[in-house]
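J.: Sending over a structure as structure tokens; questions will come in a sec.
The values are calculated or read from the model by the stated rules, or taken from the named source; none is laboratory data. Note that the structure is a prediction, hence the values are computed from the model and not measured. In this analysis, Cβ positions are derived from the backbone assuming ideal geometry, glycine residues included, and neighbour counts consider all displayed protein chains. These accessible areas exclude ligands, DNA and RNA; they are computed on the full protein's heavy atoms, side chains included. Shrake-Rupley method; radii C 1.70, N 1.55, O 1.52, S 1.80 Å.
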Amino acid sequence: MYKHFVITYKLTRFIPAPLRGLLRECLNTETYDRFLAQRRDPYHLLESDYVAPGSPYTLGIILQESHYHKNYVAACREIGISYRLLDLKRDDWIETFLKSKCDAFLAWPSPERSIWKEMFDERLRILSEDLHQIIYPSLKELWLYENKRRTRDWLLAHRIPHPRSWVFFDAESARAFVRDATLPLIFKTTLGASSRGVWILTKRRKALHMVDKAFGAGITPRRALKYERQRGSVYFQEYLPNVQEWRMVRIGESFFGYKKGRVNEFHSGSRIKHWGAPAETLLALTREITDKGGFTSMNIDFFETEDGRYLVNEMHTVFGQSTIEQMRVGGKAGRYRFDQETQQWVFEEGDFARNACANARVKHLIENVLRHD
């Protein structure tokens, strides 16, 4: 099916990155994107059912359009856990999932298209609350995933410090806010990873134009499919100059962290990591926030302001990672864990974040959920 894309793939290396981005905004590249995702998945030609000798459980791995489910596949194979690949998009998905007889289901929602994210939100809720199946990460963590409005309201509800932000579902209220707001302002689309849906607005005319566009034709995040326009609401955030950004991660009782590098105005999507031990204050805040939400699979991006405050910028329950480690201290990969007896943070050297932390998620699901169910 994808044979004719091979030539296209080879030719793209000669196309400048800005032009590639422009072509994505003008053309429907959805099928080509699926080809690329499949090409990067070393397991896509394997059978959908895998039986590991002596496995005490069978896990359902929900297919993800960008093939991030490959991380769960790799984790199950490395740990020795049987699995079945299942398609949430099917019309008969309920019958298929129940007949699978899986002990739990591993999810990694697809936010690349709004309808895919809606599908995950809707059907995972039915799977968990009405069909009484175990899903991991938890329903609440998955519901917050890649939705800036939901995350902002959750932070407000729990009085967790974060950059001041404003959400409007009414165009005139948004315009009135912009007319009096202090500039610069940050504009964010609700969906959109790696700063693709983020604009720094320095001129009031541009900010008003973004409002009109959001309540009119809609706004498409950079590099998103041309028809993925988000409309009907706006999200503004205060501009904080010269902040540092930390990526903190909790998977079960394993904690990781590193400082994000910066490209131009953005840390997200820079892929630059400054390794080193995060401050114990950040470790404690990560533990406190995740305990408050009952989260066991979550990253939290903290802004460190010029005056020393830590503010939660974003939260994601699953996340891609270009390197195996989530932390290096003294040049060594490892994790932190909190010792209850000594009330101290302890660094442990080791390989605890394999396959974008999927190994750690599967182990936590088995050891702390299934064995206690």
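J.: Just to verify a result, which residue in segment 273-283, among those that are open to solvent by 50 Å² or more (accessible area, probe 1.4 Å) and of a type in the set (A, V, I, L, M, F, W, C), is farthest from the chain's Cα centre (by Cα)? Can you show your working first?
T.: Step one: of segment 273-283, the residues open to solvent by 50 Å² or more (accessible area, probe 1.4 Å) are 274-275, 277, 280-281.
With the extra rule that they be of a type in the set (A, V, I, L, M, F, W, C), the set shrinks to 275, 277.
Details: Trp275: 21, Ala277: 23 Å.
If we take residues in segment 273-283 being open to solvent by 50 Å² or more (accessible area, probe 1.4 Å) and of a type in the set (A, V, I, L, M, F, W, C), then Ala277 is farthest from the chain's Cα centre (by Cα).
J.: Considering each of Tyr83, Tyr68 in turn, give the residue that is under 22 Å from Lys363 (Cα atoms), in a loop (DSSP other than H, G, I, E, B) and in contact with a helix residue (DSSP H, G or I) (Cβ under 9 Å, 6 or more places away or on another chain).
T.: On the way: Tyr83 fails: in a loop (DSSP other than H, G, I, E, B).
After ruling out the rest, the residue left standing is Tyr68.
J.: Given the condition aromatic (Phe, Trp, Tyr) and more than 15 Å from the chain's Cα centre (by Cα), answer yes or no: does some residue in segment 334-342 qualify? Give the steps one after another, and end with the answer.
T.: At the first step, the residues of segment 334-342 found to be aromatic (Phe, Trp, Tyr) are 336, 338.
The next check asks that each one be more than 15 Å from the chain's Cα centre (by Cα); those that pass are 336, 338.
Within segment 334-342, one or more residues are aromatic (Phe, Trp, Tyr) and more than 15 Å from the chain's Cα centre (by Cα).
J.: With the requirement that a residue be touching a residue at least 60 places away in the same chain (Cβ under 8 Å) and either small (Gly, Ala, Ser) or under 19 Å from Thr296 (Cβ atoms) (or both), what does segment 144-155 give you? Show your work before the answer.
T.: Quick first cut of segment 144-155, residues touching a residue at least 60 places away in the same chain (Cβ under 8 Å) only: 144-146, 148-149, 151-152, 154-155.
Once the filter is applied, which keeps residues that are touching a residue at least 60 places away in the same chain (Cβ under 8 Å) and either small (Gly, Ala, Ser) or under 19 Å from Thr296 (Cβ atoms) (or both), segment 144-155 yields Leu144, Tyr145, Glu146, Thr151, Trp154, Leu155.
J.: Taking His132 and the conditions (1) more than 19 Å from Thr190 (Cβ to Cβ); (2) open to solvent by 70 Å² or more (accessible area, probe 1.4 Å); (3) in contact (Cβ under 8 Å) with a residue 12 or more places away in the chain, which numbered condition does it fall short on, given that it satisfies the others?
T.: Only one criterion is unmet by His132, namely (3).
J.: If a residue has to be assigned to a helix (DSSP H, G or I) and within 19 Å of the chain's Cα centre (by Cα) to count, how many in segment 292-324 make the cut?
T.: Summing the residues that are assigned to a helix (DSSP H, G or I) and within 19 Å of the chain's Cα centre (by Cα) in segment 292-324 gives 1.
J.: Same structure again: Of these, Glu141, Glu78, Glu118, which one is touching a residue at least 60 places away in the same chain (Cβ under 8 Å), assigned to a helix (DSSP H, G or I) and more than 18 Å from Gly320 (Cα to Cα)?
T.: Working: Glu141 fails: more than 18 Å from Gly320 (Cα to Cα); Glu118 fails: touching a residue at least 60 places away in the same chain (Cβ under 8 Å).
Of the residues listed, the single one that is touching a residue at least 60 places away in the same chain (Cβ under 8 Å), assigned to a helix (DSSP H, G or I) and more than 18 Å from Gly320 (Cα to Cα) is Glu78.
J.: If the requirement is being modelled with pLDDT under 95, farther than 24 Å from Asn355 by Cβ, exposed (fewer than 15 other Cβ atoms within 10 Å of the Cβ) and not aliphatic (A, V, I, L, M), which of these qualifies: Arg223, Arg231?
T.: Details: Arg223 fails: exposed (fewer than 15 other Cβ atoms within 10 Å of the Cβ).
On inspection, the qualifying residue turns out to be Arg231.
J.: Would you please name the residue that is farthest from the chain's Cα centre (by Cα), looking only at residues in segment 91-113 that are buried (at least 16 other Cβ atoms within 10 Å of the Cβ) and of a type in the set (A, V, I, L, M)?
T.: Narrowing segment 91-113 to residues buried (at least 16 other Cβ atoms within 10 Å of the Cβ): 93, 97, 100, 102-113.
If we keep only those that are of a type in the set (A, V, I, L, M) as well, we get 104, 106-107.
Values: Ala104: 21, Leu106: 15, Ala107: 12 Å.
Looking at the filtered set, the residue picked out is Ala104.
J.: Kindly provide the set of residues from segment 173-182 that are closer than 30 Å to Leu285 by Cβ and part of a helix (DSSP H, G or I), ordered by number.
T.: Narrowing segment 173-182 to residues closer than 30 Å to Leu285 by Cβ: 177, 181-182.
Once the filter is applied, which keeps residues that are closer than 30 Å to Leu285 by Cβ and part of a helix (DSSP H, G or I), segment 173-182 yields only Phe177.
J.: Can I ask one more? As an exercise: evaluate Leu88 against (1) under 25 Å from the mean Cα position of the chain (by Cα); (2) more than 14 Å from Ala358 (Cβ to Cβ); (3) open to solvent by 40 Å² or more (accessible area, probe 1.4 Å) and give the number of the one condition it does not meet.
T.: With (1) under 25 Å from the mean Cα position of the chain (by Cα); (2) more than 14 Å from Ala358 (Cβ to Cβ); (3) open to solvent by 40 Å² or more (accessible area, probe 1.4 Å) applied to Leu88, the lone miss is (3).
J.: Let me ask something else. Restricting attention to segment 326-346, which residues are open to solvent by 50 Å² or more (accessible area, probe 1.4 Å), free of Cβ contacts under 8 Å to residues at least 40 places away in the same chain and on the phi < 0 side of the Ramachandran plot?
T.: If the condition is that a residue be open to solvent by 50 Å² or more (accessible area, probe 1.4 Å), free of Cβ contacts under 8 Å to residues at least 40 places away in the same chain and on the phi < 0 side of the Ramachandran plot, then Lys332, Gln340, Glu341, Thr342, Gln344 are the ones that fit.
J.: Okay, moving on. Taking the condition of being assigned to a helix (DSSP H, G or I) and exposed (fewer than 13 other Cβ atoms within 10 Å of the Cβ), how many residues in segment 144-172 meet it? Please lay out each step first, then the result.
T.: Of the residues in segment 144-172, the ones assigned to a helix (DSSP H, G or I) are 144, 148-157, 171-172.
Now narrow it down to the ones that are exposed (fewer than 13 other Cβ atoms within 10 Å of the Cβ): 156-157, 172.
Looking only at that region, the number is 3.
J.: Something else now. Test Arg222 against the stated conditions and say whether it is of a type outside the set (Asp, Glu) and free of Cβ contacts under 8 Å to residues at least 60 places away in the same chain. Full working, then the answer.
T.: Values: of a type outside the set (Asp, Glu): yes; free of Cβ contacts under 8 Å to residues at least 60 places away in the same chain: no.
So Arg222 does not fit the description; no.
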